[in-house]
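First comes the structure, then the notes that go with it.
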Amino acid sequence: MKLYYTPGACSLADHIVLEWIGKPYRTQRVSREQRKAPEYLKINPAGAVPALEHDGWVLTQNAAILDFLADAFPETGLGGDGTPKSRAEVNEWLSFVNSDVHPAFKPLFGATAYLGDEAVIDKTKADARTKLRGFFERIDAQLAGKDWLTGSRSIADPYLFVVARWAKSNGVDLSGLDSIERFVRNMEQDAGVRKALEDENRG
């Protein structure tokens, strides 16, 4: 397996899961500029990360890659306990982070810069932070009394870790959300998480 990633991007979630799986894999760092190059566009026409190569096959889209890894290695329990209900709960939270939380960061990442009016752009950023605060309050309630989103470690947790890091670095108010703070601290102490972060920082 080979993971294409960009440091700071959501591909970190896949990197962590590959560490948790414990099977051989390789990584290739791709800069934002390299993602626009014809060579990379042959791998992922969207010019985005992550992309996962496996046995001559390329898979893109973060949620799809995470689901594939969970299903390909069911012994890890990262897709639930094997019951349809457990699998659905994992996908419920994976979908929430992927489809609701992640896109809400777009104004903070410059998606509204085209508006050309600093006051309006700042308002879109403030609105994004308010919306994200509400999402993280919901997540904090889900984490109350639990170490993991669904009660046991799953593919949804590394993605939550990624967006929580984004929140901290982009001025999203997480004050008082003690369960999220605890979750982030626990993830930072996890050996697989530390290894993935060290690899990406080293490049």
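Report, by chain and number, residues whose modeled amide H sits under 5 Å from the one on T27, excluding near sequence neighbours (fewer than 5 apart, same chain).
Residues meeting the amide H criterion: L3.
Within the stretch 8-77, list the trypsin sites (Lys or Arg not before Pro) lying in a DSSP loop whose Cβ has at most 15 other Cβ atoms in a 10 Å radius.
R32, K42
Can you give me the distance in nm between label points at R165 and D117, each placed 7 Å from the Cα along the Cα-to-Cβ direction?
The answer from the label model is 3.6 nm.
Evaluate the distance, in nm, between pseudo-label points positioned 7 Å from the Cα of R29 and of A191 along their respective Cα→Cβ axes.
According to this spin-label approximation, the distance is 2.5 nm.
How high is the relative contact order of the chain, in percent, with contacts defined as C-alpha pairs under 8 Å that are six or more residues apart?
25 percent
Assuming a ≥ b ≥ c are the square roots of the Cα gyration tensor eigenvalues, decide whether the stretch 84-190 counts as rounded (a/c under 1.5), prolate (otherwise, with a/b larger than b/c) or oblate.
Details: a/c = 2.51, a/b = 1.86, b/c = 1.35.
Judged from the Cα gyration tensor, the stretch 84-190 comes out prolate (a/c at least 1.5, a/b above b/c).
Of the residues V49, V97, V30, which exhibits the maximal mean-square fluctuation in a Gaussian network model of the chain defined by a 10 Å Cα contact cut-off?
Per the Cα network of the chain with a 10 Å cutoff, V30 tops the list.
Which trypsin sites (Lys or Arg not before Pro) from the stretch 84-146 combine a DSSP loop assignment with at most 15 other Cβ atoms within 10 Å?
Counting only loop positions with at most 15 other Cβ atoms within 10 Å, the trypsin sites (Lys or Arg not before Pro) in the stretch 84-146 are K146.
Find how much the distance from K146 to N201 grows on full extension, using 0.36 nm per residue of separation minus their present alpha carbon separation; answer in nm with one decimal. Mind dumping the intermediate values first?
Details: separation 55, 0.36 × 55 = 19.80 nm, distance 2.94 nm.
Taking K146 through N201 to full extension adds about 16.9 nm, to one decimal.
Please give, to one decimal in nm, the separation of the simple spin-label points placed at T130 and L41, each 7 Å out from Cα toward the Cβ.
Reported label-point gap for T130 and L41 is 3.9 nm.
Tell me, how many Å apart are the Cα centres for the stretch 5-76 and for the stretch 172-203?
Between the Cα centre of the stretch 5-76 and that of the stretch 172-203, the gap is 20 Å.
Structure shown: which of K106/K168; K42/K85; K23/K106; K125/K168 lie over 26 Å apart, alpha-carbon to alpha-carbon?
Over 26 Å Cα-Cα: K42/K85; K23/K106.
Values in this text are rule-based calculations from the coordinates and carry no lab data. Note that the structure is predicted; figures quoted are calculated from it, not measured. Using ideal geometry, Cβ is built from the backbone for each residue, glycine included, and neighbour counts are taken over all protein chains shown.
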